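Student: Would you mind keeping the following structure in view while I ask a few things?
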Amino acid sequence: MSTSFQVADMTIHRIVEQELALGKALDLLPDLTPEVLAENRAWLQPWSLNAHDEFILTVQSYVVRTPHHTILIDSCVGNDKDLATRPFWNRRTDLPFLSALAAEGLSVEDIDYVMCTHLHVDHVGWNTKLLDGRWVPTFPNARYVFGQAEYAHWEAMNVHTPNTVFTESVLPVVEAKRADLVGDHFQLGDHVRLLPTPGHTPGHLAIQLGRGRDEAVMTGDLIHMPLQTRYPELSPRFDGDPTQAAITRRSFLERYCDTATLCCTAHFPAPSKGRITRWGDGFKCEMVG
């Protein structure tokens, strides 16, 4: 599944690999109370919360076509990956991601850059593919852009505790000399900039898009569920530093509140994109179809 939309002089394609009920709301957000969930159930269902009080999350990438480059932002879960602790992703063999690219008239050869907001399993999987028993870059003509701080964190972790996500989906790109490890002030042409958004991971980055102003911003995993816009202090159990993530989330939402910037989220269900407005002490992401 893929959808396309225009933002200023850029075309953006939303490439969907999977949409699934990931888990119970009260389990995923440890500080969420039954009372707050009940208060918000009406606007969350059935879009973001199913009848079993499970959050519905989308696994997706975005392809951004600027006047100069074709950029893949994050690369979903991928195929053949050793993810035994996540059976719904383990050693997949289907091809919805590549099919969605093809539906937009894109091939892996068309991608100039792959940019990863961070290096978690569902954001790096299609960085590589299994070919004749070894992992090789999926996008043969692309440079892969990894945040230097993010890469250093997972590289150090992998020394002590081998991590198949890193060894299957990140390290082979570096070994193939296709990776650029960049600092927070990296820019790609006049359309792409990085915004440090630590918390979910130490080196997490949002990606700002637009010439001269932030026409759109890719949030990555600084926010996972729409309920977190209303309550930015709710951090999911998979945020590495929940306190820092909450501070980052509120700062980000304040930054873009009541602006024209289109926020393109990694995991909100369709249409996944919207503009931030104020809602009491929190915010709301007003979806744009």
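Student: Do you know which residues across the range 37-50 are among the aliphatic types (A, V, I, L, M) and either in contact with a Ser or Thr (Cβ under 9 Å, 6 or more places away or on another chain) or farther than 23 Å from residue 16 by Cα (or both)? Quick ask: steps written out before the conclusion?
Tutor: Going through the range 37-50, the residues among the aliphatic types (A, V, I, L, M) turn out to be 37-38, 42, 44, 49.
Hits for the range 37-50 are 37, 38, 42.
Student: Counting only residues that are part of a strand (DSSP E or B) and among the aliphatic types (A, V, I, L, M), which one in the range 107-125 is surrounded by the fewest Cβ atoms within 10 Å (Cβ to Cβ)? Please lay out each step first, then the result.
Tutor: The first filter runs over the range 107-125 and keeps only residues part of a strand (DSSP E or B), leaving 113-115.
Filter once more, so that each one left must be among the aliphatic types (A, V, I, L, M): 114-115.
Values: 114: 25, 115: 27.
That would be 114.
Student: Name the helices (runs of 4 or more DSSP H) wholly within the range 1-106 that hold at least 2 residues that are more than 24 Å from residue 242 (Cβ to Cβ)?
Tutor: Qualifying helices (runs of 4 or more DSSP H): 34-44, 96-103.
Student: A further question on this structure: Answer yes if at least one residue in the range 9-16 is surrounded by 15 or more Cβ atoms within 10 Å (Cβ to Cβ), touching a Gly at 6+ places or on another chain (Cβ under 8 Å) and within 30 Å of residue 145 (Cα to Cα), and no otherwise.
Tutor: yes
Student: Could I ask something else about it? Criterion first (of a type in the set (S, T, N, Q), closer than 27 Å to residue 67 by Cβ, out of contact with any Gly (no Cβ under 9 Å at 6 or more places or on another chain) and loosely packed, with under 15 Cβ neighbours inside 10 Å) does residue 45 satisfy it?
Tutor: Criteria not met by residue 45.
Student: Could you please tell me which pairs satisfy a Cβ distance under 6 Å, a separation of 6+ or placement on different chains, a first residue in the range 84-106 that is within 14 Å of residue 60 (Cα to Cα), and a second residue that is among the acidic types (Asp, Glu)?
Tutor: Once the first residue is within 14 Å of residue 60 (Cα to Cα) and sits in the range 84-106, its partners that are among the acidic types (Asp, Glu) give 96/17; 97/17.
Student: Next question, about the same structure. Please go through the range 271-282 and pick out each residue that is in contact with a strand residue (DSSP E or B) (Cβ under 7 Å, 6 or more places away or on another chain), closer than 18 Å to residue 49 by Cβ and touching a residue at least 24 places away in the same chain (Cβ under 8 Å).
Tutor: Hits for the range 271-282 are 271, 272.
Bear in mind these aren't lab numbers, they're just calculated from the coordinates by the rules spelled out. The model shown is predicted, which means the values in this text are computed figures rather than measured ones. A quick note on method: Cβ atoms are made from the backbone with ideal geometry, for glycine too, and the neighbour counts reach across all protein chains shown.
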